[in-house]
1. Under 19 Å from a point 7 Å along the Cα-to-Cβ line of residue 48: which residues of region 16-32 have their amide N that close?
2. In whole angstrom, how far apart do the alpha carbon centroids of region 78-98 and region 1-70 sit?
3. Can you put 15, 94, 89 in order of Cβ neighbours within 10 angstrom, beginning with the fewest?
4. Based on the alpha-carbon gyration tensor of region 1-71, what equivalent-ellipsoid semi-axes (square roots of 5 times the eigenvalues) come out, in whole Å, largest first?
């Protein structure tokens, strides 16, 4: 996994991940800023632009300066439209945005 920011105050973060051999229907992105939930978490479905079953690239919003912590969890769709996320979240990656 990688996270990148180009230094432009108007730019979003670029977050990429890959899970070879593990394929999922949806991904849950967990974002924390300075250890706090800022409402930046998102769900991405397989087939959306940049989202595959074992790889993804997304551009999460930024919420001011601070230490950003990002992690992703792969989930499978269950009967009834819910989801099952058996492996849990990946180890996080961090980036400081001044």
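What follows draws every value from the coordinates through simple rules; no lab data is involved. Since the model is a prediction, treat every value here as computed from it, not as a measurement. Don't worry about glycine lacking a Cβ; one is built from the backbone with ideal geometry, like all the others, and counts go over all protein chains shown.
1. Flagged as within label range: 16-19, 23-32.
2. For region 78-98 versus region 1-70, the Cα centre distance is 10 Å.
3. Ranking 15, 94, 89 by Cβ neighbours within 10 Å, fewest first, gives 94, 89, 15.
4. With the √(5λ) rule applied to region 1-71, the semi-axes are 22, 13, 11 Å.
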